[in-house]
Amino acid sequence: MAKNVQFHVKPGGVLKGRIRVPGDKSVSHRSIMLGSIAEGTTRVTGFLEGEDSLATLQAFKDMGVQIEGPDQGNVTIHGVGLRGLKKPSNPLDMGNSGTAMRLMAGILAGQDFECTLIGDASLSKRPMKRVTQPLSEMGADIDTAEGGMPPLHLKPTKTGLNAIDYTLPMASAQVKSCVLLAGLYANGTTSVVEPAPTRDHTERMLKGFGYDVKTEKLDSMQTRVELKGGGVLKAMDIDVPSDISSAAFFMVAAAIAPEADLVIEHVGINPTRTGVIDILKLMGADITLENESTVGGEPVADIHVKSSKLKGIKIPEALVPLAIDEFPVLFVAAAAAEGQTVLTGAEELRVKESDRIQVMADALIAVGIDAQPTPDGMVINGGQQKSQVGGINSHHDHRISMAMTVAGLNAVDDIVIDDCANVNTSFPTFVQLVNQIGMTVNVVKEGQ
Ligand code: S3P
């Protein structure tokens, strides 16, 4: 039987040093996907060896792609070209990863074989209509289980895919990427209009692979991206920067711990991902970017964070998609801040690996913080934490496990977080690194 992996976090800690967090999850997934359907050999360095991106890697191996590694972040992919994937003999298991399932649905919709995508308990409850709807409009033969949930079952289409002009109903890089990847296989020019800027790694990487992608800003919020099907991706080398979403736990930790002085090296600072820095700065955090450079089309920098006195703010809604994965830990920052923090316009948080609004409100309430969930956000009145009164459970969500670990810095005594094995999906070295910089976190395995 699976064990309940608990984190036991001791309060306090002085955070000092220089660290490097693992490779970016979004970029790691895309490196395998695009490397596999490119022509030639793609060499990846800094690949995230977490369960999510490893699920993507395994899926392409299952479709006949020869992939060497990962070995200390190095992966070599022998691309088979757009039409070279083979029918897998079993369903492809995407584990906990919504990104893997939704982006791969786009690629698989264009194949001439039948296949099924499955996921774990958390992924099996996440909405897939957002991708099956545009794919069906393109002519894909794709269906879901009851209520638009996984598994996804795809069959080859008789006539091939047709290009569409699609306006995203929500700001989602996963849906945008799914439609663009299906567009590679479609007859004609596919376009996607996004209502607000979302991460643009797919567009950048496609361009890196020599594919013609046009991006046009329609106004301050909306962007249109288009590409023509039937081209060729040419293999390239990819240096994956450290993941700003993993760095965010350390940014908040150093901001709220006393006398902290921490440098997180070589972090991706793509402007579609840096909302967390902007929000923390608005709250009064002391954050500076050092050694800025560009690797493989993605900007990177060392992020230097020192302790500060945070204050509550009304989070600007325009920053929400740019910090979408960082809200669990931003709620912890708000809990440690003076005054009230109000988040609105973030209903997407309810359909992540867990319902991050409800689960984080419950977790903060369990440590004595005044947190009120709302349909599209949360109101948090910062203040001193109290002894843990209720259970804290991550609900299959790695970012809840890690965010609540950071909350341990402000606790009055030990806090215990249940269901933390999921940290391996995105950040296998998390516990080692938090202990290295001065926190005290013990991993306890309970039999079930
Ligand atoms: C991701 C996009 C985001 C994000 C997810 C990774 C990606 O999801 O939450 O962790 O790599 O494209 P949405 O696009 O659904 O908001």
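The values are calculated or read from the model by the stated rules, or taken from the named source; none is laboratory data. Here the structure is a predicted model, which is why all the values come from computation and not from measurement. Note that we place each Cβ from the backbone using ideal geometry, even for glycine, and neighbour counts take in every protein chain shown. Please note that ligands, DNA and RNA were not included when accessible areas were found on the heavy atoms of the full protein model with its side chains. Shrake-Rupley method; radii C 1.70, N 1.55, O 1.52, S 1.80 Å.
The lone criterion from (1) open to solvent by less than 10 Å² (accessible area, probe 1.4 Å); (2) over 25 Å from Val295 (Cα atoms) left unmet by Thr198 is number (2). Here Ala38 qualifies as outside the structural domain of Val431 (by TED's automatic domain parsing) and in contact with a Leu (Cβ under 6 Å, 6 or more places away or on another chain).
Yes or no, residue by residue, for (1) under 29 Å from Ala333 (Cα atoms); (2) part of a helix (DSSP H, G or I):
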residue: Ala182; (1), (2): no, yes
residue: Thr202; (1), (2): no, yes
residue: Lys207; (1), (2): no, yes
residue: Thr215; (1), (2): no, no
residue: Asp219; (1), (2): no, no
residue: Gly230; (1), (2): no, no
residue: Ile238; (1), (2): no, no
residue: Ala248; (1), (2): yes, yes
residue: Met251; (1), (2): yes, yes
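Within region 62-96, the set of residues being among the small types (Gly, Ala, Ser) and within 23 Å of Arg43 (Cα to Cα) comprises Gly64, Gly69, Gly73, Gly79, Gly81, Gly84.
For region 426-441, residues that are among the hydrophobic types (A, V, I, L, M, F, W, C), part of a loop (DSSP other than H, G, I, E, B) and more than 19 Å from Asp261 (Cα to Cα) total 1. Evaluated against (1) under 20 Å from the mean Cα position of the chain (by Cα); (2) away from the ligand (no atom under 16 Å from the Cβ), Pro321 falls short on exactly one condition, (2). Tallying residues that are surrounded by fewer than 23 Cβ atoms within 10 Å (Cβ to Cβ) and within 18 Å of the chain's Cα centre (by Cα) within region 243-268 yields 1. Applying the criterion of being within 23 Å of the chain's Cα centre (by Cα) and open to solvent by 10 Å² or more (accessible area, probe 1.4 Å) to the residues of region 174-193, the residue that is farthest from Met101 (Cα to Cα) is Val193.
I need the full set of residues from region 124-173 which are surrounded by fewer than 16 Cβ atoms within 10 Å (Cβ to Cβ), charged (D, E, K, R) and within 21 Å of the chain's Cα centre (by Cα), in order please. Passing the criteria: only Lys129.
Out of all the residues in region 150-207, which are within 12 Å of the ligand (Cβ to nearest atom) and without any contact (Cβ under 8 Å) to a residue 24 or more places away in the chain? Listed by number, the list holds a single entry, Glu203.
Of the residues making up region 3-46, those that are open to solvent by 10 Å² or more (accessible area, probe 1.4 Å) and hydrophobic (A, V, I, L, M, F, W, C) number 2.
Considering Glu347, Glu338, Glu298, the condition of being open to solvent by 30 Å² or more (accessible area, probe 1.4 Å), in contact with a strand residue (DSSP E or B) (Cβ under 9 Å, 6 or more places away or on another chain), charged (D, E, K, R) and within 16 Å of the ligand (Cβ to nearest atom) is satisfied by Glu347 alone.
Taken across region 138-149, residues that are of a type in the set (A, V, I, L, M, F, W, C), within 15 Å of the ligand (Cβ to nearest atom) and either not assigned by TED's automatic domain parsing to the domain that holds Ser191 or not in a strand (DSSP E or B) (or both) do not occur at all.
Identification of strands (runs of 3 or more DSSP E) wholly contained in region 1-76 with 2 or more residues that are more than 30 Å from His304 (Cβ to Cβ) and away from the ligand (no atom under 16 Å from the Cβ) yields 4-10, 39-45, 66-71. Taking region 253-281 as the range and being in a helix (DSSP H, G or I) and either away from the ligand (no atom under 16 Å from the Cβ) or in contact (Cβ under 8 Å) with a residue 60 or more places away in the chain (or both) as the test, the residues that pass are Ala253, Ala254, Ala255, Ile256, Ile277, Asp278, Leu280, Lys281.
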